Structure formats: C-alpha cells, structure tokens
Amino acid sequence: MSPAWLAPQACSVLGAAHGRQGKPCQDASLSTELVGPDGQTLQLLAVADGHGSSRSWLSQRGSALACAEAQAAVADALSRTPLSDERAWRQLLREGLAAAVHRRWRAAISADWPQHSPDPAAALEPVAYGCTLGVLLLAPRWWGCTGLGDWDLVAVDRGGGAQLLSQEQGIGGLGGGEATASLCLPQGETLWAQRAQLQPLSSQGQLQALVLTTDGVRKSCASDADFLALCSQVIQLEEPQQLRRGLEQITRDGSGDDVSLAMALRAGPGSNPRPRGRRATLALAGAALALAGGLVAAQRLLQRPTAPAPDPVLLQQQTLCADPTRIRANLTPRRAQLQQLRRDPAAAAALLAAPQRDPLGALLARSQRGTLTACPALRQQLATLWRETGGKMPAVEVRADERPPAGDRPAAPGSR
Amino acid sequence: MPFPNVRLSNRPLHFIYLCDCSGSMAAQGKMQALNQAIRQSLPGMAEVAGNNPEARVLVRAVRFADRAEWHLQEPTPVQQLHWRDLEAGGITAMGDALELLAGVLQSPPMEERALPPVLVLISDGQPTDDFDAGLATLMRQPWAQKAVRLAIALGHDADLEVLQQFIGPEPPGGGRSPRRPLQASNATSLAQYIQWASTAVVGAASMPASQVQGAAAGNIPLPDLPPTVLDPTDDVGPLVW
C-alpha cells in the first residue's frame, strides 16, 4: 500500500426497496492496491451504480464489470506510466482511462451478453448493462478522480470539515433528476473529462480523507450538510462491519436505493505504516473487490507514531478556532452524541481514552468534565449545543498549571 | 465508535392535481365524477405510499376557473388527506394555473432531494387565458421539466392540443400512451385514470430507477395503462361526455 494512504475500504449494500422487490444489488465497489514496475503503489477505489430500470435489466452485471475493467485499465496504465509523471496521469484521467475503460467494458458486456440474453443471437443492447462509474486513484504524491454519472466525492480535512469535490452537473444528482450519464452512452467517453482532476498532495496539507459514494448515500441524507457530516464521521469507523451496518441503516431510513461507499485516509504527520515488501513487477496486491453488495475485506494498517503525537483534541480546537465559521457546522451534527454522553458517562470515558479516534467527540467529553479550555467562539457554540440538548455546560476548572502566563492575563485591579 | 449520527430522510414525492372547475364541469355530472374519483382513489394511493416508505407522498390541488387558486395548498400526506369537493363555475384560466404551479416548483420551496413530482392536469375545455405564457413560465422550472406530467381530457370538448403541450412531445407512432392525453368519456373511465395515476404512477415515481441521460422515455418510466382504459372505444360504461 502506498504509505501516503491508510485504511482503504469499499462496501456496497443492497437497497432496502430493492430487497423488498427481490432485486439484486445493482451497485458495485472496489478497493485494491496496484504496484507499478518501479515498486510504487497506487490505491484504486471505485464505485459503480447500475441503473436498475427495466431497460437496464443486467445493470448489476454492468456495474460489476465496470469496476473490474476499471481495475484492469488502471493496472495497464500503471505498467506504462510512472506515478511521478503527473502530467501524463492528468491526461490519463481526462481521456486515456475513459477510452480504455469504455473499450474494455464494451468488450466485457459483449462477451457476457450471449450468456444472459433470451436470444443469444440478438444484437447487444448496451443499455441493458447501463451503469455509472466513479474512479479514485491515490498515489504517494497525488490523488486523482475521473468517471461519469451521479457519484459524489468528498474531502475531509484534519479539522473535521468536509467539502464536496466532485458531483454530476446539470443532469442528475440534486434538483430532482433521476437521469444520469452512463457507460452505455455512445458519447460516454467524452463525459469523463469534466469529472477528471488530479491534485498534488503537496498543496493539500489539511486533507485527511477522501470519500467516494454512489448517489444513494447523498439522497438518503436530509440535506447536504448531513451528507458532509456523515462523510466526516464515517472515516473514523474502524471495522468494515460497522460500515456495512451503517450503510444498511442509510438505505433503510433514507432513499431505499442501493448504496456504496469507498474511502481512504491520508497518512498523518508522525504515522508510520507497517513496512511492506515491494515487488519489482506489476502486481495486484491486497485486492478486495466488493461486487453486487459483497464486502471488501479492507486491509487496515496500524499507525505507529514515531514521536509523541500532539493532543488530537487540542489540534481539533486549534483548527476550529482558526476558522470560527466552521464551528457550528461541525458541532451541530454532534447533538445526538452529546445527548448520549450526558446519559452515559462511560461513553465519555471511552472517548477520552482514545481521543485520536474521534477528536471532536473527545472535545465534547472534555466539555462535559469541565476540563476544556477553548477560544470564546468555540466555548459559546459548545454552550449553545449544551442548551439545545437540555443541559448546561459545566464551568471550566482552570488549574494553576493551566493558567496562561501572567503577561497574557488581564491585570488584577491594583496590581499596577 | 457508533455509526455517524446524521439526519436521514425519505424523499418527498409531490403529487399535484390541476383541476378545471369551469362552468362546463357542472354539466353531465363531470364535477361530481371528478370529486368522487379523487376521493375513491385515496385509499389505494395511501396503500401504495405505505408500501414505498422511501417516498413521502404529499398531495396538493389547484382549481382553475375565472382564475387559479389553491384548493389544497399545504402538501398533505396522503394518509391524512380528506378531499373537499371542488365546485364548478366560471371560465378556464388554465394558463394562470400553470403560473401558480410554477411558483411552487422552485427550489426552495421544493426540497433539494425531492423525487420528480407528478402533475395531473384535468380539463374538459379550452383555455380562456394565455396558456402559452403559463406553460412557458412553468417549463422554465427544472422541477417542471423533470416532473411526470399527465393530462386527462373529460369529454370531446377538451383541447387535446394544449393538454399534449402540457405533457410534452407526442410519442412517435399511433396508439394509446400515457404520454398522450387520456380521454375519459364517462365517470367510470375517469375513475380508472385517476386510480391509475394515483397508484401505478405514484408507485413508479416512488422508487425511480436511474435513467440514462437523454432517454426518450422520460425521467420516470410510466407504467402501462390498465387494459380497460387502453382504448376509449372499448371503454366500459356509456359514452356520456
């Protein structure tokens, strides 16, 4: 695995409505690691969403084939293109991969068609396999995305903020459309360029994670703010089973559509992933393919700090206080968590014992114990959150050794 | 840690009747038949909504005569809907009705995650105002463009051309299609069309499959018309309108 990226995983879950209707999961997802000739690793995440209409009656096969052919196309590109050549990869994301995936996918469905068509001699109907495809490449020094259709890509920063980086414009997605671009479109190959981007990691110091989803996830959330909050929190899940159960809840309480989510964390300062042997030849390593709702057996590397890590709660505070406009957006989704903390003190203890897992949760726990010192804007918003949950934030107990230097304190009356 | 605690929500499905309440609707029991057809369709509509919990079916109604106004303004969950009778009298301000409709198909008030709405225009006559202007205003709204637009013509005096303009381009070839005005010639066929729109169409719109961009079939594939209403010449009941 690239040392720049940790804990990649992908999961697809059958939609609640599809389950009732006896339909298969028409989503597919993929998380795999590719190794180039120079030994550098490239993490590949992909999600595909079969259209599922009566015309797209083989779309569950179409989405699975899309992920498989995307993997083959990227592996082929990696065998010929060093990851250090960002210009070449930028061009691949805009055009080269589009051409390769469309060509491969078309060949794959052509081979598949006679086995499933009622009339094997009938001409291939690409729309029967119609699906979207979102591809995310995670290299040691950059990340890039491409594809077509109504998938969404979100970046989560180290302060917990989330930002939508890529969405389908104009036809599907929000605004009422169920129409989307598709691999089955004759002009589909030309649509990839508008979703393609490559970003050097050197310019993204605050990037903590990338989350790639099919449209069912976003459409299940009450608002975009909820969708972004979900993305910022989901990256803290540690077990693949937690992600699967969560996605089941999302489709059950939300859109009822199939849902897929793929994500990876960027290695933080001081993290030291377990060293791995490197192979000189192109290889697929640690591949885990989740097709038709199957769970990706995601490989998770342990972070082993080489130096004492900074207090994650303090880092969280500093990030929020540096940009107070984000405080409310980050705290509001935590209302339910604060209510839980107030009901169950043991939950606070768990958060405080491992603050790196959920710094914002640990921050709430500290506010409960009166041990949190923060900037006025953060204190004020925390107090509001406490009031909204029917309580009052405990006063801060400032110990003598926590007091700021005398020069930073207002002078006591009569001291000058 | 527990799974993220965020607000999940099913998707609202707005179903809006546009009902002609001109004076001619009082003749031959058309108004009474329309009220009865809508009222009788509600249990079936509620059942379909119950079977599709991922959609929240909300009903509204516009009446138009001398002018257009909301008959049922608040988006009302179908399970809570008690239909209040429409009354006939006046002319046919259909263009005004489309203008009124356009006002609620903006975002906001339309929810960003709403399903494509279902719009059902029911008329027995010809517009007496500027229909083209009203339609143009309506169709400037993206939600109107993405809506399922159906039209029911009551009797032989209905203006099929304007109803077709409301629905959209006429499908190629001949024959009956839900993308042409549905022609109800008596109370029975009207009730069947209303039932079809409020159950089969609502069911299809509640859990739409993704559509390939540019698909000719429209945003939501419409279910087939029931066999008994495929052809007005085979219609059940006497030809009374």
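The values are calculated or read from the model by the stated rules, or taken from the named source; none is laboratory data. Predicted, not measured: the structure shown is a model, and the values here were computed from it. When we count neighbours, we look across all protein chains shown, and the Cβ atoms used for this are built from the backbone with ideal geometry, even at glycine.
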Requested in this report: Please state which one of A:Ser12, A:Ser59, A:Ser54, A:Ser84 is in the same structural domain as A:Ala139 (by TED's automatic domain parsing), surrounded by fewer than 24 Cβ atoms within 10 Å (Cβ to Cβ) and closer than 19 Å to A:Gly149 by Cα.
Outcome: A:Ser54
Requested in this report: Starting from residues that are under 22 Å from B:Asp20 (Cα atoms) and at pLDDT below 70, keep the ones in the range B:200-241 and report whichever is farthest from the other protein chains (Cβ to nearest Cβ).
Outcome: B:Leu239
Query raised in the report: Is it the case that some residue within the range A:258-268 is out of contact with any Leu (no Cβ under 6 Å at 6 or more places or on another chain), assigned to a loop (DSSP other than H, G, I, E, B), at pLDDT below 90 and assigned by TED's automatic domain parsing to the domain that holds A:Leu165?
Result: yes
**Report entry** Test: B:Ala88 is more than 14 Å from every other protein chain (Cβ to nearest Cβ), without any contact (Cβ under 8 Å) to a residue 12 or more places away in the chain, more than 27 Å from A:Arg218 (Cα to Cα) and of a type outside the set (S, T, N, Q)
**Finding:** no
Query - Hey, B:Ala197 among the aliphatic types (A, V, I, L, M), out of contact with any Cys (no Cβ under 6 Å at 6 or more places or on another chain) and within 14 Å of chain A (Cβ to nearest Cβ) or not - result: no
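What about A:Arg343, is it charged (D, E, K, R) and under 23 Å from A:Asp157 (Cα atoms)?
Considered against the rule, which asks whether it is charged (D, E, K, R) and under 23 Å from A:Asp157 (Cα atoms), A:Arg343 comes out as no.
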Query raised in the report: Does A:Val127 meet the test of being surrounded by fewer than 22 Cβ atoms within 10 Å (Cβ to Cβ), within 14 Å of another protein chain (Cβ to nearest Cβ) and in contact (Cβ under 8 Å) with a residue 60 or more places away in the chain?
Result: yes
Requested in this report: Go through (1) within 25 Å of B:Gln183 (Cα to Cα); (2) assigned to a strand (DSSP E or B) one by one and return the number of the condition B:Leu34 breaks.
Outcome: (2)
**Report entry** Some residue of the range B:11-20 being among the hydroxyl-bearing types (Ser, Thr, Tyr), more than 14 Å from chain A (Cβ to nearest Cβ) and over 15 Å from B:Val120 (Cα atoms)
**Finding:** no
Requested in this report: Identify, by number, the condition in (1) more than 18 Å from A:Asp258 (Cβ to Cβ); (2) within 14 Å of chain B (Cβ to nearest Cβ) that A:Gly161 doesn't meet.
Outcome: (2)
Report summary line: Counting only residues in the range A:194-253 that are within 13 Å of another protein chain (Cβ to nearest Cβ), of a type in the set (A, V, I, L, M) and part of a loop (DSSP other than H, G, I, E, B), the one surrounded by the fewest Cβ atoms within 10 Å (Cβ to Cβ) is identified as A:Ala222
Report task. From the list A:Val135, A:Val154, pick out the single residue that is within 22 Å of the chain's Cα centre (by Cα), at pLDDT 95 or above, crowded, with 19+ Cβ neighbours inside 10 Å and within 14 Å of another protein chain (Cβ to nearest Cβ). Result -> A:Val154
Report task. Look through the range B:101-145, keep the residues that are in contact with a strand residue (DSSP E or B) (Cβ under 7 Å, 6 or more places away or on another chain) and assigned to a loop (DSSP other than H, G, I, E, B), and return whichever of them is nearest to B:Ala37 (Cα to Cα). Result -> B:Asp124
Report task. Within the range A:23-55, track down each residue that is farther than 21 Å from A:Ser220 by Cβ and either part of a strand (DSSP E or B) or within 14 Å of another protein chain (Cβ to nearest Cβ) (or both). Result -> A:Leu30, A:Ser31, A:Thr32, A:Glu33, A:Leu34, A:Val35, A:Thr41, A:Leu42, A:Gln43, A:Leu44, A:Ser54, A:Arg55
Query raised in the report: When the range A:123-164 is examined, which residues are found to be over 30 Å from A:Ser56 (Cα atoms) and either of a type in the set (Phe, Trp, Tyr) or not in a strand (DSSP E or B) (or both)?
Result: A:Ala139, A:Pro140, A:Arg141, A:Trp142, A:Trp143, A:Arg158, A:Gly159, A:Gly160, A:Gly161
Report summary line: Going through (1) modelled with pLDDT of 95 or more; (2) crowded, with 23+ Cβ neighbours inside 10 Å one by one, B:Pro77 fails only at (2)
Query raised in the report: Can you tell me which of B:Leu100, B:Leu115, B:Leu42, B:Leu72 is within 14 Å of chain A (Cβ to nearest Cβ) and surrounded by 15 or more Cβ atoms within 10 Å (Cβ to Cβ)?
Result: B:Leu115
